[in-house]
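Structure first, commentary second.
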Amino acid sequence: MFKPLSIFIGLRYTAAKRSNHFISFISLASMLGLMLGVAALIVVLSVMNGFDRELKQRILGMVPHASINGYGRSIENWPELLNKLEQHPEVVAAAPFIQAQAMLTSRGVVRGALINGIDPDYESKVSILGNHITQGSLQALNEQRFGIVLGDLLARYMGAKVGDKVTLVLPEASVSVAGVVPRLKRFTVVGIFEVGAELDANLAYINLKDAAKIKRMGGGVDGIRLMFDDLFEAPQIAREIAVGLEGYFRASDWTRTHGNLFQAIQLEKKMIGLLLFLIVLVAAFNIVSTLVMVVTDKKADVAILRTLGATPGRIMRIFMVQGTVIGVMGTLLGAALGVTLALTISDLIAWVEHTFNIQFLNADVYFISYLPSDLQWPDVGIITCSALLISFLATIYPAWRASKTHPAEALRYE
C-alpha cells in the first residue's frame, strides 16, 4: 500500500517508545491538555446554551413578549381592542390581564406576590402556564369563584395545597365603620404550577373577573398581552402597534423585565468561551514544546535522512505529521468526551443532588433550579475545527527548525 515516506516516519516517531521518558510525558500532557480544553469548552458552551434556551422557553414563555397598556387608566373597551390586535399580521395571540402587587397569607405565613388576573381561555394562547400545572387545573379559575393558582415554591413557603384557603391583601386601605382597614379577600387554591424558575416563588393567577372586582375596575383591564413569532422583534413591533392605535397607549416588552438577564447570559457565554479557549492555546504551545524537544532528540536521525537525500520539505512534513497526530488525537478524544458530558450532565448533576442531598442552583437565587444543557452541533464543529487548526499551526515552527538541521554539524559528535 502506498504511504508517503514523511507520513510513515512521522507515525513511527509518534508510536515509538522513546528512551527520553520526559519527552513522552510532555507529549502525553499535550494531548491530555488539548482533550480537556476541548471537552471543557463543549460542556460549558452547552450549559450556557441550556440557560439561554430555558430563559426563552420557560421564563419568556410565562411572561408576555409585549403588552399594550393604558396611560394611568384601565382599558374599558378591551374586547374590541383585542380583536383589532389579533388581526395584526405580526401578532400570534393576545390576552387581557389585570395585574396587582399583593400579599398572600396562610397559616401565619405572609409572602409578597405578583397577582395576575387572567382569562384561562385567552391565557393558554400566549403562555405556557397550562402546560406546567402540577396540581389542580387552570380551567378551575372559571369553575370556582375566587380561586387562585399558586407557584410551587410560593405554595410550599405558605404550606398551601389545593383546596386550602389563602388570604389576598392589597396594599390599599378602605374606610369602614371600624376605621381604616386593608382590602383583603379569601381565595381557594385550585391549582399549583411549576416551571422550575424564580417565577414559582412570586407569581399567582386569579380569574380576570375576580381581579377586576377586588381592584374595583368594573369591566376594564390593565392591558393586553401580545405574543409574536420572533420575541426579539417584540420591542419594535409593540411600539409600532401602540403608536398606530387610537387614544393613549404605551407598550412594554420582555426586554424591560428580563432583558438584562438575557444579555448577561450572552456576555457570560462569550467571555467563558474565550477563557476556556485559552486552555486550547496552552495545549497547543505544549505541542510546540514537545516537538522542539523531539527535534533536538532526533538530530542524528534527521542528519542521516538528509544524507540519504531527504529534502528539507520532507523533513518538515515528518515532524508536522507527528505534531498533527497529537493534535488530532487530543481534539477527537476531547470532542467525544465533551459531547458525552454535554448530553448527560443534567442527569449527572441531578443524581449528585439527589444522592448527596445538596442543591447547586437555588430557585431563590437563580432563575432556574437545575442545570440545563443544550448541545449544539455547530458549536462542536467550530471548537473541533479551531483546535485542529491551532494544533496544525503549532507544528510549523518546530518542523521548520528540524528542516534547517545541517548533517555535518549534527553528526560531528556522534
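The set of residues in the range 332-364 that are assigned to a helix (DSSP H, G or I) and either out of contact with any helix residue (DSSP H, G or I) (no Cβ under 9 Å at 6 or more places or on another chain) or exposed (fewer than 12 other Cβ atoms within 10 Å of the Cβ) (or both) comprises 344, 347, 349, 350, 351, 352, 353, 354, 355, 356. Taken over the range 230-262, the criterion of being assigned to a helix (DSSP H, G or I), at pLDDT below 80 and not β-branched (Val, Ile, Thr) is satisfied by 258, 259, 260, 261, 262. Pairs meeting the criteria (first residue in the range 338-357 and under 12 Å from residue 47 (Cβ atoms), second residue in a helix (DSSP H, G or I) and among the hydroxyl-bearing types (Ser, Thr, Tyr), beta carbons under 6 Å, at least 6 apart or on different chains) are 342/46.
Yes or no, residue by residue, for (1) of a type in the set (Gly, Ala, Ser); (2) assigned to a loop (DSSP other than H, G, I, E, B):
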position	(1), (2)
38	no, no
46	yes, no
72	yes, yes
81	no, no
85	no, no
88	no, yes
99	no, no
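Any residue that is more than 16 Å from residue 334 (Cβ to Cβ) and of a type outside the set (D, E, K, R) - is there at least one of those in the range 276-284? Checking the range 276-284: not a single residue is more than 16 Å from residue 334 (Cβ to Cβ) and of a type outside the set (D, E, K, R). Of all residues in the range 342-362, none are β-branched (Val, Ile, Thr) and either under 30 Å from residue 294 (Cβ atoms) or in contact with an Asp or Glu (Cβ under 7 Å, 6 or more places away or on another chain) (or both).
Here residue 98 passes the criteria (1) outside the structural domain of residue 151 (by TED's automatic domain parsing); (2) at pLDDT 90 or above; (3) aliphatic (A, V, I, L, M) except the one numbered (1). Residue pairs whose Cβ atoms lie under 7 Å apart, separated by 6 or more positions or on different chains, with the first residue in the range 282-298 and closer than 15 Å to residue 393 by Cβ and the second surrounded by fewer than 17 Cβ atoms within 10 Å (Cβ to Cβ) and among the hydrophobic types (A, V, I, L, M, F, W, C), are 286/29. Working only within the range 323-343, note down all residues that are within 18 Å of residue 398 (Cβ to Cβ) and out of contact with any Phe, Trp or Tyr (no Cβ under 6 Å at 6 or more places or on another chain). The answer is 323, 325, 326, 327, 328, 329, 330. Checking each residue in the range 223-248 for being more than 32 Å from the chain's Cα centre (by Cα) and crowded, with 20+ Cβ neighbours inside 10 Å picks out no residue at all. With respect to residue 69, determine if the residue is modelled with pLDDT of 80 or more, polar (S, T, N, Q) and surrounded by fewer than 19 Cβ atoms within 10 Å (Cβ to Cβ). Here the answer is no, as residue 69 does not meet what is asked.
Please verify whether the range 112-119 includes one or more residues that are farther than 26 Å from residue 54 by Cβ and not acidic (Asp, Glu). Yes, the range 112-119 contains at least one residue that is farther than 26 Å from residue 54 by Cβ and not acidic (Asp, Glu).
Only residues that are of a type in the set (A, V, I, L, M), touching a helix residue (DSSP H, G or I) at 6+ places or on another chain (Cβ under 6 Å) and either surrounded by 22 or more Cβ atoms within 10 Å (Cβ to Cβ) or in a strand (DSSP E or B) (or both) were counted in the range 191-212, giving 4. Taking the numbered list (1) within 19 Å of the chain's Cα centre (by Cα); (2) surrounded by 16 or more Cβ atoms within 10 Å (Cβ to Cβ) in turn, residue 260 passes all entries but (2). If the condition is being more than 17 Å from residue 196 (Cα to Cα), in a strand (DSSP E or B) and not hydrophobic (A, V, I, L, M, F, W, C), then the range 109-134 contributes 111, 112, 116, 117.
Here is a yes/no grid of residues against (1) under 29 Å from the mean Cα position of the chain (by Cα); (2) modelled with pLDDT of 90 or more:
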residue: 114; (1), (2): yes, yes
residue: 117; (1), (2): no, yes
residue: 120; (1), (2): no, yes
residue: 128; (1), (2): yes, no
residue: 132; (1), (2): yes, no
residue: 144; (1), (2): no, no
residue: 148; (1), (2): no, yes
residue: 151; (1), (2): yes, yes
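Go through the residues of the range 124-131 one by one and say whether even a single one is farther than 22 Å from residue 56 by Cα, assigned by TED's automatic domain parsing to the domain that holds residue 224 and not polar (S, T, N, Q). Looking for residues that are farther than 22 Å from residue 56 by Cα, assigned by TED's automatic domain parsing to the domain that holds residue 224 and not polar (S, T, N, Q), one finds none in the range 124-131, hence no.
Would you be able to say whether some residue in the range 306-319 is part of a loop (DSSP other than H, G, I, E, B), surrounded by fewer than 17 Cβ atoms within 10 Å (Cβ to Cβ), modelled with pLDDT of 85 or more and not hydrophobic (A, V, I, L, M, F, W, C)? No, the range 306-319 contains no residue that is part of a loop (DSSP other than H, G, I, E, B), surrounded by fewer than 17 Cβ atoms within 10 Å (Cβ to Cβ), modelled with pLDDT of 85 or more and not hydrophobic (A, V, I, L, M, F, W, C).
The values are calculated or read from the model by the stated rules, or taken from the named source; none is laboratory data. In this text the structure is predicted, and so the values were computed from the model without any measurement. Cβ sites come from the backbone with ideal geometry, for glycine too, and all protein chains shown count toward neighbours.
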